[in-house]
Amino acid sequence: MSNWGRRIRGALRMGLAWAAAGFVAGLVLARIPGFYSDLPFALLFAPLGFLAGVIFSGILVAIGGRRRFDQMSLPRFAGWGAASGLLLSGVFAVSAALRGDSMWGEFLVFGPALGIASAVSAAGSLALARRAESRELPGPTADPLRAHPANAILTSNTTDQPDGGPDG
């Protein structure tokens with residue numbers, strides 16, 4: 001698969017992960033008394049999470065470059081996530097301006113909430129990616145006998161002896 005194909009697939013997966021987080025956050029918010037909406041919060045937050053995740057992936061590709069996850073700092077990653085939330089709230093502000101409403105009012109309503117939620121989602125994404133990266137299995141070795149741990153024990157007995165082998 002081409003490099004751009006992998007990036008697009010990764011952006012869609014990041015969007016889906018953030019949409020799942022938004023869905024769960026909406027379910028939690030729906031359980032708090034006093035918060036009511038015409039549209040269920042879970043169905044409202046899931047698309048916002050998806051869009052913020054895709055925007056974050058674009059920021060990550062543009063700014064993060066080819067750095068590995070262990071080379072990225074958590075505050076910087078969270079800052080990029082907050083930037084994606086603020087960019088998404090900018091879309092709401094522009095749409096409000098096109099309707100004739102106050103652009104700054106919409107930005108001040110959506111900006112902090114989406115910025116904080118996106119920063120938390122980005123920090124969680126980095127933590128999960130680092131955890132998954134540390135749990136990866138070792139790659140295949142050139143020697144098929146040493147590929148399996150049980151075989152490594154069998155072959156180590158013949159080379160660890162100072163006289164060259166078990167028979168002496």
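As an exercise: evaluate Arg68 against (1) of a type outside the set (Val, Ile, Thr); (2) touching a helix residue (DSSP H, G or I) at 6+ places or on another chain (Cβ under 7 Å); (3) exposed (fewer than 13 other Cβ atoms within 10 Å of the Cβ); (4) closer than 26 Å to Arg135 by Cβ and give the number of the one condition it does not meet. Failing condition for Arg68: (2).
Number of residues in region 25-41 that are at pLDDT 80 or above, surrounded by 11 or more Cβ atoms within 10 Å (Cβ to Cβ) and over 24 Å from Leu60 (Cα atoms): the value is 7.
Here region 48-76 is the region considered, the condition is being hydrophobic (A, V, I, L, M, F, W, C) and over 20 Å from Arg9 (Cα atoms), and the residue that is modelled with the lowest pLDDT is Met72.
Selection of region 96-123 for residues being closer than 18 Å to Phe41 by Cα and small (Gly, Ala, Ser) yields Gly111, Ala113, Gly115, Ala117, Ser118, Ser121. Restricting attention to region 55-65, the residues that are exposed (fewer than 10 other Cβ atoms within 10 Å of the Cβ) and in contact with a Ser or Thr (Cβ under 7 Å, 6 or more places away or on another chain) add up to 0. Output yes when any residue across region 135-152 is under 36 Å from the mean Cα position of the chain (by Cα), modelled with pLDDT of 55 or more and within 22 Å of Ser73 (Cβ to Cβ), and no when none is. There is at least one residue in region 135-152 that is under 36 Å from the mean Cα position of the chain (by Cα), modelled with pLDDT of 55 or more and within 22 Å of Ser73 (Cβ to Cβ). Looking across Gly90, Gly85, Gly79, Gly65, one residue alone is more than 17 Å from Ile116 (Cα to Cα), without any contact (Cβ under 8 Å) to a residue 60 or more places away in the chain and not basic (Lys, Arg). It is Gly65.
The values are calculated or read from the model by the stated rules, or taken from the named source; none is laboratory data. Small disclaimer: the values here were computed from a predicted structure and weren't measured. Ideal geometry is used to build each Cβ from the backbone, glycine not excepted, and the neighbour counts take in all protein chains shown.
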